[in-house]
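Colleague: Here it is: the structure, laid out below.
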Amino acid sequence: MSPIDRRATPRFQPKPGNRITYGATSTVIRDLSLEGVFVLDADPLPVGSEIIFTLRAGDQDISLEGVVRHSDQEGMGIQFTKVSPESKRRLRIHIASLVSAPSQLVKT
């Protein structure tokens, strides 16, 4: 029996150079969706942390706010909480150019 993916929106593989920047930290994206992002970070923020960050997507910056929903030794999953109409438009356009990410689910 295969595990059920409970994600509300599909995940996509980032393009080279896609990253987020918050404070003095700039880190690579593992996958991205319309609802959130998982970033590779050796020193991730704890679950529940609110974060204001910039997503570098191609030649544009997208300003976003979110909350850390998952944090482990690999990085952190951030759920978007505040997305302006302009940022949402830019995010949709960028995601339309990406390839679906492979499932991160573990088969049992």
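The values are calculated or read from the model by the stated rules, or taken from the named source; none is laboratory data. A quick note: this is a predicted structure, and the numbers were derived from the prediction, not measured. Counting neighbours? That spans all protein chains shown, and the Cβs are built from the backbone with ideal geometry, glycine included. The protein model used for the area step is the full one, side chains on, heavy atoms only, and it has no ligands, DNA or RNA in it. Shrake-Rupley method; radii C 1.70, N 1.55, O 1.52, S 1.80 Å.
Colleague: Leaving out ligands and nucleic acids, note down the accessible area per residue over the chain with a 1.4 angstrom probe, in whole Å².
Modeller: 63 Å²
Colleague: Once you've got the GNM for the chain with C-alpha springs shorter than 10 Å, pick whichever of I78, I51, I29 has the biggest mean-square fluctuation.
Modeller: I51
Colleague: May I ask you to rank H70, H94 by accessible area, largest first, using a 1.4 Å probe over the protein chains only?
Modeller: Listed by decreasing accessible area, they come as H70, H94.
Colleague: Tally Lys/Arg at +1 and Asp/Glu at -1 over every other residue whose Cβ is under 14 Å from the Cβ of V99; what's the total?
Modeller: +2
Colleague: Under a 10 Å cutoff between Cα atoms, tell me which one of E86, E35, E50 has the largest fluctuation in the Gaussian network model of the chain.
Modeller: Sorting by GNM fluctuation, first place goes to E86.
Colleague: What does the helix-only formula give at 222 nm for the chain: each DSSP H stretch with n ≥ 4 adding -39500 (n - 2.57), the total divided by the residues, and the result rounded to the nearest 500 deg cm²/dmol?
Modeller: One gets -3500 deg cm²/dmol as the mean residue ellipticity at 222 nm.
Colleague: If you don't mind, there's one more thing I want to ask. No solvent, one uniform scatterer per C-alpha: report log10 I(q)/I(0) for the chain via the Debye equation at q = 0.15, 0.21, 0.22 1/Å, two decimals.
Modeller: Once normalised to I(0) and log-transformed, intensities are -0.60, -1.19, -1.30.
Colleague: Net charge within 10 Å of S84 by Cβ-Cβ distance, Lys/Arg positive one each and Asp/Glu negative one each, not counting S84 itself?
Modeller: After counting each charged neighbour, the total is +2.
Colleague: Could you please report the charge total around L55, scoring K, R as +1 and D, E as -1 over all other residues with beta-carbon less than 10 angstrom from its beta-carbon?
Modeller: Spelling it out: positives minus negatives among the neighbours equals +2.
Colleague: Let me ask something additional. Considering the chain as a Gaussian network with a 10 Å cut-off on Cα pairs, which listed residue, S84, S63, S33, attains the greatest mean-square fluctuation?
Modeller: In this elastic network of the chain, the residue with the biggest mean-square fluctuation among S84, S63, S33 is S84.
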